[in-house]
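The next block holds one structure in the form of structure tokens; read it before the comments.
Laboratory data are not the source of any read-out in this text; all were calculated from the coordinates shown. Just so it is clear, the structure is predicted and the values come from calculations on it, not from any experiment. Note: ideal-geometry Cβ built from the backbone for every residue, glycine included; neighbour counts use all protein chains shown.
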Amino acid sequence: MSGLASVRKVALAYSGGLDTSVMVPWLRERYGCEVVAVVANVGQLEDFEAIRQKALASGASSCYVVDVRETFARDYIFPALRAGAVYEGRYLLGTALARPLIAKVQVEVALRCGCDALAHGCTGKGNDQVRFELAYQALAPHLKVIAPWREWELRSREDEIAYARRHGIPVSATPEKPYSIDQNLWHTSYEGGVLEDPGAMAPPDMFQLTVDPADAPDVPHYVQIGFEGGFPVSLDGVRMSPASLIESLNAIAGAHGVGRVDVVENRLVGMKSRGVYETPAGTVLLAALKDLEALTLDRDTLHFKELIAPRYAELVYYGQWYSPLRAALDGFLEVSHRWVTGTVTVKLFKGSCVPVARSSPYSLYRHDLATFGEDAAYNQKDAEGFIHLFGLPTRVFTGVHPEVRDLKVEEQVGG
Ligand code: ARG
């Protein structure tokens, strides 16, 4: 035991799965410490009372279950949605958004219970260890961090099961799924196991939140999303809390097969990994918000927002939620999206989700300006001078470099 820092009491981010269950006796044995289990309810469909019982049966001195679904939706998911945060253009960041909040819940319990250490169940190869530990550093840098996966001698699931049996931990009889699942209000994600071959299709029976688009109803369904200041506030005219709006929309969009993506992504720790995600509500909300932005944001602000969106996504993916840059970008979005208010009707049909109508009291769309008919507001003669000056640099450049004019039009052969 020499070389190990002394730990009296550790708060463990507990899920109820085999890994974090085995960690309870492992931490007690290795560090001779007390273990407080912390479960954050971020919308995963679990029996939390059963999880609590399992934590205690595994040897935790206490177990705290904290329902943070509304906080998750309001303070984590919706700001990221408003930012248009989508990692590498396709991943809506469900796992990455939950980690900083789970860590925060864990730190709060740790401080309340007088813990001197924090532990998590992430492996040493993934993004999640970084996300948890960056949050710990931001929120409680004085607490010691223990990452059993990077430290223990257990190498396989078989090792873990044997360890669990030796310590009298209940091992569930249901056979393990051939991939890893992470679930919350925003998404269900799958990776590892049979998904590790990016050339092989995901098993069709894997999906939990969405039907196969081929099996979706043959008639389209229209949903109306209401936004205020860039945040969703209503569904089909009914005002809802952030979490219940997402829950309701997940059911509606999932039934139409909306929100599946299957990607190879770049992990922060360097390797590429294959992941499959189901984000039904998120996919609809993102499409609807983009549509409303097009109606209510001026061109420069819209284009600038699109410039920062991938950077915001990187911050979230990299675990930098509690960073000054994220706060600063949210400051920008608070101002840019003040009037992104209105409603968007989205057509859901066999896996697709397409905005088809939109309106806003702050619409910048002016029919008198856009119309091809007669109007008083726009003088077509003004366009002449504008185009002449807009083309000035082009005329100067091609005057100096006449060869770029290249006026030969290639004959199309065949066709
Ligand atoms: N690759 C995703 C991320 O880093 C999801 C990770 C968790 N998913 C899982 N099935 N274990 O955010």
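Highest mean packing comes first when the peptides 355-362, 86-93 are listed by Cβ atoms within 10 Å, giving 86-93, 355-362. Using just the Cα positions, wrap the range 1-48 in a convex hull and report its mean projected area in square nanometres, one decimal place. So the Cα hull casts an average projection of 3.7 nm². Counted over the range 272-329 with a bin width of 10 Å, the fraction of Cα pairs per bin, in whole percents, is 18, 38, 38, 5. On a per residue basis, the convex hull of the C-alpha atoms belonging to the range 120-214 measures out at 163 Å³.
Classification of the range 315-371 by its C-alpha gyration tensor yields an oblate form. The axis ratio a/c (a ≥ b ≥ c) is 1.5 or more, and b/c is at least a/b.
Around the amide H of Ser62, modelled in the peptide plane, lie the amide H atoms of Ala37, all under 5 Å away and 5 or more residues distant in sequence or on another chain.
Across the range 68-83, rounded Karplus estimates of 3J(HN,Hα) from the backbone phi angles (6.51 cos²θ - 1.76 cosθ + 1.60, θ = phi - 60°) give 10, 4, 5, 4, 4, 5, 6, 9, 10, 5, 5, x, 5, 5, 4, 6 Hz, Gly and Pro being marked x.
For the range 75-181, the spread of Cα positions along the three principal axes, ordered from largest to smallest, is 48, 38, 21 Å. Name the shape class, rounded, prolate or oblate, that the alpha-carbon gyration tensor gives for the range 133-189, where a ≥ b ≥ c are the square roots of its eigenvalues, rounded holds for a/c under 1.5, and otherwise prolate holds if a/b is larger than b/c and oblate otherwise. It is oblate, given that a/c is not under 1.5 and a/b is not larger than b/c. Debye sum, Cα scatterers, the chain, no solvent: what log₁₀ I/I(0) at q = 0.09, 0.14 1/Å? Taken in order of the listed q values, log10 I(q)/I(0) reads -0.66, -1.28. Taken as entire DSSP H runs, the helices of the chain never both span 30 Å or more between Cα atoms along their own long axis and average 1.6 or more on the Kyte-Doolittle scale. Sorting the segments 238-247, 330-339 by their residues' average number of neighbouring beta-carbon atoms within 10 angstrom, most packed first, yields 238-247, 330-339.
Ordering Lys347, Lys408 by the number of other Cβ atoms within 10 Å of each residue's own Cβ, fewest first, gives Lys408, Lys347. Here Trp149, Trp321 are placed in order of increasing Cβ neighbour count within 10 Å, fewest first, which gives Trp149, Trp321.
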